[in-house]
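Chemist: Mind looking over this structure? Questions follow.
Bear in mind these aren't lab numbers, they're just calculated from the coordinates by the rules spelled out. All values reported here derive from a predicted model rather than from experimental measurement. Cβ: placed from backbone, ideal geometry, glycine included. Neighbour counts: every protein chain shown.
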Amino acid sequence: MTESTLIDYVEKFVNLNEEEAQLFLASFKQVFVKKRQFITQPGFINKHRSFVVKGAFRSYAVTNEGQEYTLQFAIENWWVSDLNSYIYQHPATLFIVALEDSTILQVDYEKEQELKQSSHKFETFFRIIAEKGLAFEHRRIIFNLAHSAEARYENFLLNFPNFIHRVPQYALASYLGMTTEFLSRIRNKKARKKS
């Protein structure tokens, strides 16, 4: 089940034969993560790219003043990593914490490089997910700059309905660039409109 989930995901982008699928899977290890457990912390090199099989994660940064900024959520079939740390093998600047008891499949940096060198298909797959991730972040930044807090919340509800009951309100507020109190007001206003 766990392995087929990853292969099903990969095959949305590239077709693998049985031997390629087995080689790909052999480069990953399954890890069980408890709720509130960190898989990445600042100061330590992020040695793995993680594919979420089950559960939910939050990636965030903390300013010198202690203010938290959520950069990413990840649930089933999403990847999570401090990519700057992972790609350059420098100390991480992000915290990545499990929001639920979770199961992930992790590939380490060296194994990923070996995979990419061994097959054009693997190189293509990792390039495609990198491109899609970058394009998503650009869309998010532009949308957040151009729209109101209410529009950002509505957009999140529309595009990520599976996340809304799985992430804490304070984390969602920081992801959307607002205070928890302001998000509460938006939600209350929306609830009043429905009733």
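Chemist: If neighbour count is taken as other Cβ atoms inside 10 Å, put S50, S4 in order from fewest to most. Can you show the working numbers first?
Modeler: Numbers: S50 24, S4 10.
Fewest-to-most ranking of S50, S4: S4, S50.
Chemist: Pull out a ≥ b ≥ c, the square roots of the eigenvalues of the alpha-carbon gyration tensor of the chain, then state rounded if a/c is under 1.5, prolate if not and a/b is larger than b/c, and oblate in the remaining case.
Modeler: Details: a/c = 2.00, a/b = 1.71, b/c = 1.17.
Since a/c reaches 1.5 and a/b is larger than b/c, the shape of the chain is classed as prolate.
Chemist: If you take the square roots of the eigenvalues of the alpha-carbon gyration tensor of segment 31-91 and sort them as a ≥ b ≥ c, do you get rounded (a/c under 1.5), prolate (a/b over b/c) or oblate?
Modeler: Details: a/c = 1.81, a/b = 1.25, b/c = 1.45.
The shape class here is oblate.
Chemist: Which net charge results for the neighbourhood of N155, defined as the other residues with beta-carbon distances under 14 angstrom from its beta-carbon, given Lys and Arg at +1 and Asp and Glu at -1?
Modeler: Values: positive: R139, R140, R152, K190; negative: E150, E154.
Every neighbour counted, the sum reads +2.
Chemist: Now a separate question. At a 10 angstrom cut-off on C-beta neighbours, averaged per residue, how do the peptides 131-137, 112-118 rank from highest to lowest?
Modeler: On the way: 131-137: 11.7, 112-118: 15.4.
Per-residue Cβ counts within 10 Å, averaged per peptide and sorted highest first, yield 112-118, 131-137.
Chemist: Report the equivalent ellipsoid semi-axes for segment 2-108 in whole Å, largest first, defined as the square roots of five times the eigenvalues of the gyration tensor built from alpha carbon atoms. Display every interim value, and only then the final one.
Modeler: Working: eigenvalues 143, 43, 25 Å².
They are 27, 15, 11 Å, listed from largest to smallest.
Chemist: For segment 81-195, give the magnitude of the charge dipole about the Cα centre (Cβ charges: +1 Lys/Arg, -1 Asp/Glu; no others), in debye to the nearest 20.
Modeler: The calculated dipole for segment 81-195 is roughly 940 debye.
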